[in-house]
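**Q** Following this message is one structure expressed as structure tokens.
Quick note: the coordinates plus some simple rules give every number you see, no bench work behind them. Just so you know, these numbers come straight off a predicted model, no measurement behind them. As a convention, Cβ positions derive from the backbone with ideal geometry for all residues, glycine included, and neighbour counts pool all protein chains shown.
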Amino acid sequence: MLKFNSRAKTEFVQIMVSHNSIIHKARAGIPETHDKERATPRKTAGIDVVALFQAPIVPMRYHHLNGLSDALTGQFVAVLYGLREELRVRESAARFPHRFARGLRLTLKRRHSHYETRELYFPIALPWLLFSLRPRSVLASGTGIPSLIALIYCRVFGKRLVIYGEGTPFTERGITPFQWFLRRNVFARFAEGFLVVGSQSRRYVESLGVPAERIWVAPQSTDTVLFWRLAEQARLTQPRSSLQPPRLVYVGQLIRRKGIHLLIGIFGRLRQRWPGAELWLIGDGAERPSLERQVQESGLSSAVRFWGQIENERLPEMFAACDVFVFPSLEDTFAVVIPEAMAAGLPVVCNCGVGAVDDLIMPGRTGFVVDFTNSDNAVDAIRLCLAQATEMGKAARDLALSWDVSITVERTLMALGLQKKPK
């Protein structure tokens with residue numbers, strides 16, 4: 001099913017009215033951001049790298065783009081595309097030069113997937129921005145229209161294209177035959193490299209026929225060292241006693257795909273063993289009212305706390321106040337919150353549909369991978385984690401600290417041909 005966004009026509013008129021202005025800015029090298037100090041002036045010879053991502057960008061993406069900007073001083077620009085209201089960055093967190101590419105959006109209904117829709121963006125000003133910036137390499141997220149525009153630019157001008165992919169065999173099973181054809185016969189054939197976030201993403205790209213030497217695994221991570229330090233500071237000021245009732249924590253959207261309704265049922269069974277156990281749900285979403293009713297009807301109102309949306313900077317403190325991180329998502333490409341929780345010293349019980357499980361969850365050492373639709377297995381896994389929370393938490397922290405954003409930046413530079421592989 002294909003339909004236009006409700007404001008698509010209005011957006012189209014606005015964009016076409018301002019189109020000449022956008023083109024003029026692109027040619028002149030005038031940034032879309034008002035921060036002149038962060039703007040990179042146009043250079044006739046071009047710059048090294050343009051990174052193409054959908055706006056608004058998630059918190060962990062700031063670390064990745066900031067790292068690339070630091071490594072490629074004056075030779076890096078991030079181009080962020082989306083609808084007008086989506087084109088924003090947190091200026092306090094963004095050290096990287098950035099431009100905005102407005103456009104239209106189409107919404108596609110997905111089949112055979114817990115992701116209900118797929119969004120396609122048409123950033124009208126993107127070709128002119130690429131021609132203005134003249135990058136020698138383009139890092140493009142996904143295989144949508146913006147990446148196709150980048151591919152055409154790279155083929156015409158003989159530049160290097162690297163596709164940044166997060167999809168796994170599980171999350172991409174609902175794509176259309178045309179999307180499969182485009183990925184296998186166009187992107188897999190003509191892109192110089194693929195940057196993937198984990199082992200499952202690597203297997204998916206290999207299934208498209210891409211040889212191993214054109215694939216780089218760049219962990220989808222954040223500043224895990226910072227999470228570790230802040231969590232340790234929080235534990236020093238407010239230490240948890242082994243005599244306190246166990247506390248589980250979930251962080252993420254409160255939507256159906258995340259499986260919170262399953263977690264609440266499992267937690268109710270866990271309370272039979274630990275009557276004082278608590279569950280913290282951090283995040284917000286469309287399912288919150290129904291989840292609150294489920295909690296009330298289950299008699300768990302005093303044990304389940306809805307925190308709502310909180311700043312990412314507060315997460316280490318919240319993790320330090322808990323014992324086990326639970327992530328029941330039915331389907332996720334990776335879930336960067338998992339290495340964040342592990343860096344803060346928490347073992348993880350994760351659903352089998354999450355992309356991070358192959359790389360970060362070592363059963364019995366850093367956590368457990370279970371099917372949350374099987375409540376018996378999920379309850380047993382949580383009990384085992386609680387019984388060994390300290391030992392497993394240390395193992396989880398050690399592994400997460402080796403999964404730092406500095407590795408992501410290094411692997412990205414390798415994929416872009418700007419840094420050699422270690423021998």
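**Q** Among 371, 323, rank each residue by its count of other Cβ atoms within 10 Å, from fewest to most, as a rough exposure measure.
**A** Result, fewest neighbours first: 371, 323.
**Q** Looking only at region 325-352, which residues have a backbone nitrogen under 11 Å from a spot 7 Å from the Cα of residue 371 in the C-beta direction?
**A** Residues 352 qualify, since their backbone N sits under 11 Å from the label point.
**Q** Right, another one. Long-range amide H contacts for residue 192: which residues qualify at under 5 Å (H placed 1.01 Å from N, peptide plane, sequence gap of 5 or more or a different chain)?
**A** Amide H to amide H, under 5 Å and 5 or more residues apart or across chains, residue 192 pairs with 161.
**Q** Separation between the residue 272 and residue 390 pseudo-spin-labels, each 7 Å from Cα along Cα→Cβ, expressed in nm?
**A** So the label points at residue 272 and residue 390 sit 3.0 nm apart.
**Q** For 206, 213, what's the fewest-to-most ordering of other Cβ within 10 Å of each Cβ?
**A** Ascending number of Cβ neighbours within 10 Å: 213, 206.
**Q** While we're on this one: Using +1 on the beta carbon of Lys and Arg, -1 on that of Asp and Glu, and nothing else charged, what's the dipole of region 323-383 about the Cα centre, debye to 20?
**A** Dipole size: approximately 180 debye.
**Q** Something else now. Just to confirm my numbers, what's the Cα centroid distance between region 299-338 and region 339-410 in Å?
**A** Answer, in whole Å: 13.
**Q** Fewest to most neighbouring Cβ within 10 Å: what's the order for 384, 315?
**A** If I rank by nearby Cβ atoms, fewest first, I get 384, 315.
**Q** Label points 7 Å out from Cα along the Cβ direction at residue 253 and residue 293: separation in nm?
**A** Taking the two extended label points, one gets 2.1 nm.
**Q** Let me ask you something else. Can you give me the distance in nm between label points at residue 189 and residue 383, each placed 7 Å from the Cα along the Cα-to-Cβ direction?
**A** 5.6 nm
**Q** With +1 on each Lys and Arg Cβ and -1 on each Asp and Glu Cβ, how big is the dipole of region 224-401 about its Cα centre, in debye rounded to the nearest 20?
**A** Charge dipole of region 224-401: 440 debye, to the nearest 20.
**Q** Further question on the same structure: Could you pull out which residues in region 239-279 have an amide N less than 20 Å from a spot 7 Å beyond the Cα of residue 93, following the Cα-Cβ vector?
**A** So the set is 250-255.
**Q** If you don't mind, there's one more thing I want to ask. Determine the dipole magnitude for the chain: charges of +1 sit on the beta-carbon of Lys and Arg, -1 on that of Asp and Glu, nothing else is charged, the reference point is the Cα centre, and the result goes in debye to the nearest 20.
**A** My answer is approximately 1440 debye.
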